[in-house]
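Single-structure report; data block below.
The values are calculated or read from the model by the stated rules, or taken from the named source; none is laboratory data. Small disclaimer: the values here were computed from a predicted structure and weren't measured. Cβ coordinates were reconstructed from backbone atoms using ideal geometry, including for glycine residues, and neighbour counts include every protein chain displayed. Remember, those area values only see protein heavy atoms, side chains included, never the ligands or the DNA or RNA. Shrake-Rupley method; radii C 1.70, N 1.55, O 1.52, S 1.80 Å.
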Amino acid sequence: MRRYHVTTFGCQMNAHDSERIKGMLESLGLGEAVSRHEADVIVFNTCTIREKPDQRFAAHLAQARALKQAAPGTVIAVGGCYAEAQRERLFDLYPYVDVAFGPGSIPHLADWLGVGGTGVARGRFGLDEREFAGELPMHRERAFQAWVQVSMGCNSKCSYCIVPAVRGREQSRRPGEIVAEISRLAREGVREVTLLGQNVNSWGRDLAPEIRTEFGELLRACDALDGIERIRFTSPHPKDFREPVIAAMAECAAVCEHIHLPLQSGSSRLLKLMRRTYDRDRYFHLVERLRDAVPDLALGTDIIVGFPGETEKDFSATLEAVEEVRYDSAFTFIYSPRRGTEAAAMPGQVPEPLKHERLERLVEVVQRIAAERNRERIGLVEEVLVEGPSRTDLARLRGRTRRNTTVNFSGTASAGELVPVEIEAATSATLSGRQAALVAA
Ligand code: SAH
Ligand code: SF4
Ligand code: F3S
């Protein structure tokens, strides 16, 4: 049997796309290889959000090239956002790549690899041929948790961001299709779904008038499905977070008490240059409304340091915002100029050492607060969805709370079960405890 190996970079959207890529390869009769060394078809699903994923991909590709030199029949396929961004020069840069495809052309991968994965045709790109996940063969990574795509593309114009260029205009998937997919997943034993879109809060606005609806209604429809006990979504854009979605979060039992709400910067001046279309006060006000409506809400965020023109004063405003909101978790990034984006051409690019220094200062604050927030959970009993053995200690279990914190704990439960866990200790990133005797969940 011929074998494939897929390496995935980037966000959850890409991870979900890789499930489709694997499903497609398996429908061609290929089996999954344990490592790249045993693979006849080596696939990379790339990310280009910052320079770092580009560099990581280049290092992996060099290794694949060496494998191909040793076994010339090996096929190298490069998909995803970097492939789309470099569509004009990818084959010039890497002549040993056999097939390349953008995030919109996964459905055609089978044609290019040929039946049985033998005949190789050079791929094409194309955002206009995009198709939603769910209508294609799918190799799901987990039995109890699933990603469900609700939209593709992004209509925002954040000045630093390359996603609109590589994923195209926003298109919402029809509500009937989303609900049908989740019902099917529930029958297959899935208990937690994560709805995926670049901006889930604008979902539905581009649908045909007779089915036009909005994200709050979708949450309610998902909540009504039997068997789905946890609903998450990512990412909401603060600018589109409206009252009906907040109300749906408050009223739907299955919607988890966790929101990833990208801040990007605490300086209104920078937010304007970033074209985020909200300012610091509006963001704070939204956080207040969310916390009023959803008690015990966990908040995560994304923050960029070193955006062009960022002064010490702007950066201090970001630090203050983190202190004020008190995030449970935060992804922190050094601004990375992306080809063709508005911000890449802005004056006042911040020198690298200063960006790094600011990142360090920010991470310190983020981690201190996250650790404090997690310590507040000690002594509480949390409902945990068991994911498997703990990564550091195979005798223990690992799972996640509704607030999306990872918990390592001692207990006897199996993967896929919802169990009560008494929290005994905390770090900035994880909790630990033991399965509680009394079933409270
Ligand atoms: N659509 C999502 C974000 C996708 S990208 C949203 O708007 O919520 C994930 C994160 O990467 C962004 O929130 C941002 O913080 C970061 N990011 C995007 N472009 C970047 C760049 N050029 N440099 C540094 N960080 C960037
Ligand atoms: Fe990028 Fe902004 Fe769209 Fe998010 S909302 S994908 S940051 S352009
Ligand atoms: Fe995601 Fe990276 Fe593309 S963050 S949308 S895989 S550029």
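Residue count for region 15-41 under the criterion of being of a type in the set (S, T, N, Q) and surrounded by fewer than 21 Cβ atoms within 10 Å (Cβ to Cβ): the result is 2. Of the residues making up region 236-274, just one is assigned to a loop (DSSP other than H, G, I, E, B), open to solvent by 30 Å² or more (accessible area, probe 1.4 Å) and either within 16 Å of ligand 2 (Cβ to nearest atom) or at pLDDT below 95 (or both), namely 242. Remark: residue 353 matches the filter, which requires a residue to be open to solvent by 40 Å² or more (accessible area, probe 1.4 Å) and not assigned by TED's automatic domain parsing to the domain that holds residue 247. The residue that is farthest from ligand 2 (Cβ to nearest atom), among those in region 149-198 that are more than 18 Å from residue 85 (Cα to Cα), of a type in the set (Gly, Ala, Ser) and assigned to a loop (DSSP other than H, G, I, E, B), is 189. Taking each residue of region 155-179 that is on the phi > 0 side of the Ramachandran plot and looking for partners that are more than 11 Å from ligand 1 (Cβ to nearest atom) with beta-carbon atoms closer than 8 Å, six or more apart or interchain, yields 168/104; 168/127; 168/128; 168/130; 168/152. Just to be sure I understand, how many residues within region 166-206 are open to solvent by 20 Å² or more (accessible area, probe 1.4 Å) and within 11 Å of ligand 1 (Cβ to nearest atom)? Number of matching residues: 3.
Residues being within 23 Å of the chain's Cα centre (by Cα) and either within 16 Å of ligand 1 (Cβ to nearest atom) or open to solvent by 10 Å² or more (accessible area, probe 1.4 Å) (or both): count how many of those fall in region 73-91. Of the residues in region 73-91, 6 are within 23 Å of the chain's Cα centre (by Cα) and either within 16 Å of ligand 1 (Cβ to nearest atom) or open to solvent by 10 Å² or more (accessible area, probe 1.4 Å) (or both).
Any residue at all in region 144-151 that's open to solvent by 40 Å² or more (accessible area, probe 1.4 Å), more than 15 Å from ligand 1 (Cβ to nearest atom) and in contact (Cβ under 8 Å) with a residue 60 or more places away in the chain? Taking every residue of region 144-151 in turn, at least one turns out to be open to solvent by 40 Å² or more (accessible area, probe 1.4 Å), more than 15 Å from ligand 1 (Cβ to nearest atom) and in contact (Cβ under 8 Å) with a residue 60 or more places away in the chain.
Any residue at all in region 280-293 that's part of a loop (DSSP other than H, G, I, E, B) and surrounded by fewer than 22 Cβ atoms within 10 Å (Cβ to Cβ)? No, every residue in region 280-293 fails to be part of a loop (DSSP other than H, G, I, E, B) and surrounded by fewer than 22 Cβ atoms within 10 Å (Cβ to Cβ).
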